[in-house]
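Right, one structure below, let's go through it.
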Amino acid sequence: METKRFGTTEQEIAEAAALLQDGEVVGFPTETVYGLGANAFDAAAVDKIFKAKGRPSDNPLIVHIAHRQDVDKLAQAVPEGAALCMEHFWPGPLTIVLPCVDGVPRNVTAGLRTVGIRMPDHVTALQLIDAAGVPLAAPSANRSGRPSPTTAEHVLEDLSGRIAGVVDGGAAGVGVESTVLDFTGDRPMILRPGGVTREMLQDVIGEVGIDPALASGVGTPKSPGVKYTHYAPQGEMWLVEGEQDAAKIAALTADAQAAGRRVGVLTTAERAGQYRADVVIPCGKRSDLSTVAAGLYEAIRQFDHAGADVIYAEVFPETGVGLAVMNRLRKAASHRVIRA
Ligand code: TXA
Ligand code: MG
């Protein structure tokens, strides 16, 4: 199939929406990463998402809405904390997991009795959902296992020929995916850290837990998607942490190059000049972690384009959006860490 590329004029959004109404899948920009959308109430259309991505069927999809009242078509009840979060953080990078109504197709929720819902903070996404006239089930628009796409180019790199279209709305801003916050347990719990930080949530609803399986890497995470390998570059990535990290990365680089390997270093603007690796990619500024989040997936894709065999990456403080950045980096590195 030929993948049509749309701009963001009203006419083009209407054409993309018509494809969605016809049961096709279409990539679209959000403020976090690009999503791959289908009519959330059309099980056959949703199935095409899983096929295009090669996504395991036990991994549920987030449903994207444009209006607060659409929550009622999807969720059974909205606890007070969840309502407060919707008020404060929607539209925005927060997915709220609630008990699901019966009408939601089972492949959307991967058979769970819960559904993740979010209202993206992106004018094109909201226009597209509105024009389609239905909520859109949408995972990130990458092939399963690859870094999430932050541009329409990335979407085409992974899915050209496998999806009906993509709406090109420029680069996504936040760069890491939404925070997944579960309201179906005893207390609100973060299942995946993301664009809305734990600190921001706690300011609004008080104590918020984090799925213990996330921090420890042991046990089964409550969010099915979190257990899969994800974001990984083709080269072997290692995180280098500790005060002597720059010196250690320099030594590791020299050793690997001597062994004939093509070496990449993931760093930031502040320190990019220090390294003598084959591919040095600065990802934002260390002094502002939101810029690191915004550049992370593009940086990981660049190592693939440059053919890096091994990649050494600096690490970041796990506060604010740094928690999400480090969660993605640990996964990209398959939890390989070197202490310096
Ligand atoms: O920012 C985002 O969230 C992007 C944009 C496109 O909205 N979407 C995204 O979707 O990252 P995806 O499918 O790549 O990741 C969704 C995550 C997965 O880890 C999935 O398991 C989890 O959310 N999830 C979805 N529904 C859930 C549910 N009912 N219970 C627990 N986890 C759920
Ligand atoms: Mg994803």
Degrees separating the helix 43-53 axis from the principal Cα axis of the chain, which is the longest one: 10 degrees
Relative contact order for segment 2-70, counting Cα pairs under 8 Å that sit 6 or more residues apart, in percent: 18 percent
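Going from the alpha-carbon gyration tensor of segment 246-327, what semi-axes, largest first and in whole Å, does one get by taking the root of 5 times each eigenvalue?
Numbers: eigenvalues 101, 35, 21 Å².
Equivalent-ellipsoid dimensions as semi-axes: 22, 13, 10 Å.
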Order of 228, 275, 312 under a 10 Å beta carbon neighbour criterion, fewest first: 228, 275, 312
Segment 236-339 - charge dipole about Cα centre, Lys and Arg +1 at Cβ, Asp and Glu -1, debye rounded to 20: 100 debye
Gap separating the Cα centres of segment 251-268 and segment 13-42, nearest whole Å: 41 Å
Crossing angle, helix 10-21 versus the chain [Cα axis fit, 0-90 degrees, rounded to tens]: 80 degrees
Whole-Å semi-axes of segment 1-67's equivalent ellipsoid (Cα gyration tensor): 20, 14, 12
Dipole axis of segment 1-77 (+1 Lys, Arg; -1 Asp, Glu on Cβ), positive-most option in 54, 64, 75: 54
Range of Cα positions in the chain per principal axis (Å), largest first: 59, 48, 31
The chain: calculated mean residue ellipticity at 222 nm from DSSP helix runs of at least 4, using -39500 (n - 2.57): -9500 deg cm²/dmol
Nearest-ten-degree value, helix 289-306 long axis tilted from longest Cα axis of the chain: 70 degrees
Least to most buried among 186, 168 (fewest other Cβ within 10 Å first): 186, 168
Sequence of 177, 24, 318, 87 once ranked by neighbouring C-beta atoms within 10 Å, starting from the fewest: 87, 318, 24, 177
Rg to Rh, two decimals, where segment 48-168 supplies the alpha carbon set and Rh follows Kirkwood: 0.96
Nonlocal amide H pairs with residue 62, under 5 Å, H built at 1.01 Å: 138
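Any of 73/227; 48/73; 73/331; 53/222 with alpha carbons more than 32 Å apart? Name them for me.
From 73/227; 48/73; 73/331; 53/222, over 32 Å: 73/331.
Every number in this text was worked out from the coordinates using simple rules, so none of it is lab data. None of the values given here were measured: they were computed from a predicted structure. Cβ sites come from the backbone with ideal geometry, for glycine too, and all protein chains shown count toward neighbours.
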